[in-house]
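These notes are about the structure you will find just below.
The values are calculated or read from the model by the stated rules, or taken from the named source; none is laboratory data. Just so it is clear, the model here is predicted, and its values are computed rather than measured. FYI the Cβ positions are ideal-geometry reconstructions off the backbone, even for glycines, and counts take in every protein chain you see.
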Amino acid sequence: MAANQANPAGAAPKAELAVTLQAREGFMLGTFDAMASPCEILIETDDKQLARQITQLACSEAKRIEHKYSRYRADSVISAINSSHGKPIPIDDETFRLLSFANTCYQLSEGMFDITSGILGKVWRFNGSDQLPSQSDIDALLSLIGWQRVALTANTVTLPAGMQLDVGGIGKEYAVDRVATLVSEQAPEVSVVVNFGGDIQVTRRRLNDQPWYIGIENPLKTEQGETLVKIFQGGLATSGDARRYLLHEGKRYSHILNPETGFPVEEPPRSVTVAADSCTQAGLLATLAMLQGAGAEDFLASQGLTHWVYR
Amino acid sequence: MQLNNKATVASALAGAACALLGTPAAQAEEGMLKDWQFDTAILYYGETDRVSLAEGVINATKTNDDDSIFNVKLVLDTLTGASANGAVAQPYAQTFSRPSGKDGYVVNAGETPLDDTFRDTRVQVSGSWMQPFADTWRATGAVNVSTEYDYLSLGLSGLLEKDLFMRNTTLSAGLSFQFDSINPVGGTPDALTSMLVPTYLGDDNDEGEDEFEWDDDYEEGENKTGSESKTTTDLILGVTQVINRRMLMQFNYGLSVVDGFMTDPYKLLSVVDNAGMTQDIIYEGRPDSRTKQSFFWQTKYALDNAVVDVSYRFATDDWDIDSHTIDSRFRFNLGDNDYIQPHLRYYQQSAAEFYRPFLNQADPLPMYASADYRVGEMTAYTLGLKYGHKMENGHEWAVRAEYYQQDPKNAGFDEPGVLADLDLYPSVKAVILQFNYHF
């Protein structure tokens, strides 16, 4: 934990920056793997050198955030908090901002978006199996859920013993926006698309005001591939359960869990895609829409933002 | 789950996301209120010693969730000043009657006759709706109404657009129909009939005003009828092609068919003798049908900090007016928030077959004739500069200053007697000033 704090930049070793670069019609495409997703950087330039630089910058920032916030890495900030046994853990400004954002989402959703609810994953296995957990198992875990029991200050976070944090629901979108911010500082004149597995941010409009065309996952069209959406600037994010669900006695259980009941949300859409100013905003709106279950469309319509819902 | 104040979730999240990323929240809010956009402009156009025009424009555009666009525009302008009436200058002072037939005006020796009664206010309202459908199609419908003291114009149009090849190509087809009606001050004069001219009595009365006397047998409205109208049907076919990520090209073909009254009821012609002296002043007359074709090519090229926009138009019609227009704009970005844009336009046209700077008494009266310099041979150019600035709140303003000069040319007419020493083709010089505000 202390070691973690000593290296806030978390600079990943050079060897891990395995990026590839290809020239495409009108732009360069940089790719790498991070956060368990294929990551793509579309750069409107012919300058190979610049494109490589931008892709490497994106890759190192993505890996830095992954290292810092993955609950699967023993040396991450999240692992340090999760193994703190109720003691306060010192946090840096970035972690404070991320947890404050999670707090805002908790408040806005009246407890439905809760980064302490990931613990339910211990009993729910959304791998296409047909096994439902027992009510007693769920009840045992429900007592370990509740963001309101976490004490957050600008310098420390205190997590009650036995509880766990999982920022997986905001980490990837945050990484996309962070990368987009860094890239626009580095190359303010170039239109760049940051696409981490469907969570997308465009840094600025293209030169001739053409949109970028980006495929988004459409669970109804798996044979035809993806739905192509156009995006001029801003963020786009998708929340869905295309492959993560559980079938029990003919009923489909979504991986979107209600932290109050410990059961999947009833009748959520297969996928929700939202366009907003930032990827983080879009991602949370998509997640909140999923949490509304049958009310997802009504919720999105009331927000006045462009969106796509597939059921 | 019931989210309180559902509609505020998106904006609350926008603010929270900005706090997370350490960027100012104002940027996000601006993006959310962008569905209505307003453009306002005031324009001044002033010709040296002639017409001046002041115009105000308000243009509001709303982009809806389904990408459909509603647009409404209001234009108000007032025109004052003098316009060439079509008669030639003479070595002596000339007297003309005003269009109302109730008064007259005097033009000094050697000067191009200008009618200084022009004073009009025009109100124009137009609206359009663009609806995308079936992913790659767009349909637009528009209506417009424009009224002046003596003029009413009603228009209806439709446009269909189709995107092809990953939206790199757009085909468009448009049809519009316009009805115009004119009810000239003092009635519509019969073509090529004489203008009844009063006798100038001088300005030595009490008020110092010009006084005129009419013949005893003069009747107001003589040789004049009521209102007239014309209809215009336009067809436009176009292709827009993205050449590469920096270059865009557009080709349009236009066919325009006009039927009805196209004579300018306020324009005159001098009938001169072999010595070039005016013997009669008659009203002009133009054909009542006109078919015009135009070919338009435009290219926009984006450089790193500049945009080049060049276009060429060729138009030809069955009045024998062929015109060429070259229009170019170069926009240079000065940083992120400012730009300057020089503008250069060159225009050239040949004269209509019925254009006559004057008529010769010895020649038989033609079927149609007009001395209006606007249907004569001419070249014109515009030189301009625009400066635009985007403010911190996202609003934009721009100022534009332009100089316009129109040089009518002699399309091969002999100038008998005294006309040889007079300037029959004076240039028209004008300045244009415009201020735009976009929010």
For this session: Would you point out the residue of the range A:108-124, among those that are over 12 Å from A:GLU260 (Cα atoms), more than 7 Å from chain B (Cβ to nearest Cβ) and more than 16 Å from the chain's Cα centre (by Cα), that is modelled with the highest pLDDT?
Result: A:ILE119
Problem set entry | Only one of A:CYS105, A:CYS39 that is at negative phi and either in a strand (DSSP E or B) or at pLDDT below 90 (or both) | A:CYS39
Seminar exercise, completed: A:GLN201: passes all of (1) under 30 Å from B:VAL308 (Cβ atoms); (2) of a type in the set (S, T, N, Q); (3) within 14 Å of chain B (Cβ to nearest Cβ) but (1)
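Let's see how each residue does on (1) among the aliphatic types (A, V, I, L, M); (2) within 30 Å of B:THR169 (Cα to Cα); (3) within 20 Å of the chain's Cα centre (by Cα); (4) not assigned by TED's automatic domain parsing to the domain that holds B:THR170:
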| residue | (1), (2), (3), (4) |
| --- | --- |
| B:LEU79 | yes, no, yes, no |
| B:SER83 | no, no, yes, no |
| B:PRO99 | no, no, no, no |
| B:GLY110 | no, no, no, no |
| B:THR121 | no, no, yes, no |
| B:TRP129 | no, yes, no, no |
| B:ASP150 | no, no, yes, no |
Exercise. Among the residues of the range B:196-247, which ones are modelled with pLDDT of 80 or more, over 27 Å from the mean Cα position of the chain (by Cα) and of a type in the set (S, T, N, Q)?
Worked result: B:THR199, B:THR225, B:GLN241, B:ASN244
Problem set entry | Hey, A:THR116 among the polar types (S, T, N, Q), surrounded by 15 or more Cβ atoms within 10 Å (Cβ to Cβ) and without any contact (Cβ under 8 Å) to a residue 40 or more places away in the chain or not | no
Problem set entry | Identity of the residue in the range B:231-261, within 14 Å of another protein chain (Cβ to nearest Cβ) and not in a strand (DSSP E or B), that ends up nearest to B:PHE314 (Cα to Cα) | B:ARG246
Problem set entry | Residues of the range A:38-57 satisfying the condition of being within 19 Å of A:TRP212 (Cα to Cα), touching a residue at least 40 places away in the same chain (Cβ under 8 Å) and either among the hydroxyl-bearing types (Ser, Thr, Tyr) or away from chain B (no Cβ under 14 Å) (or both) | A:PRO38, A:CYS39, A:GLU40, A:ILE41, A:THR45, A:ILE54
Exercise. Out of A:VAL194, A:VAL157, which single residue is under 25 Å from B:ALA12 (Cβ atoms), crowded, with 18+ Cβ neighbours inside 10 Å and more than 14 Å from chain B (Cβ to nearest Cβ)?
Worked result: A:VAL157
For this session: State the number of residues belonging to the range B:365-412 that are among the β-branched types (Val, Ile, Thr) and crowded, with 17+ Cβ neighbours inside 10 Å.
Result: 2
Exercise. Only one residue in B:TYR381, B:TYR355 is at pLDDT 95 or above and over 20 Å from B:MET277 (Cα atoms), so which one is that?
Worked result: B:TYR381
For this session: Answer yes or no as to whether A:LEU98 is over 23 Å from A:ALA161 (Cα atoms) and within 14 Å of another protein chain (Cβ to nearest Cβ).
Result: no
For this session: Tell me which residues, restricted to the range B:262-300, are part of a strand (DSSP E or B) and touching a Pro at 6+ places or on another chain (Cβ under 6 Å).
Result: B:TYR283
Exercise. Going through the range B:1-18 one residue at a time, which ones are surrounded by 15 or more Cβ atoms within 10 Å (Cβ to Cβ) and either modelled with pLDDT of 50 or more or part of a helix (DSSP H, G or I) (or both)?
Worked result: B:LYS6, B:VAL9, B:ALA10, B:SER11, B:ALA12, B:LEU13, B:ALA14, B:GLY15, B:ALA16, B:ALA17, B:CYS18
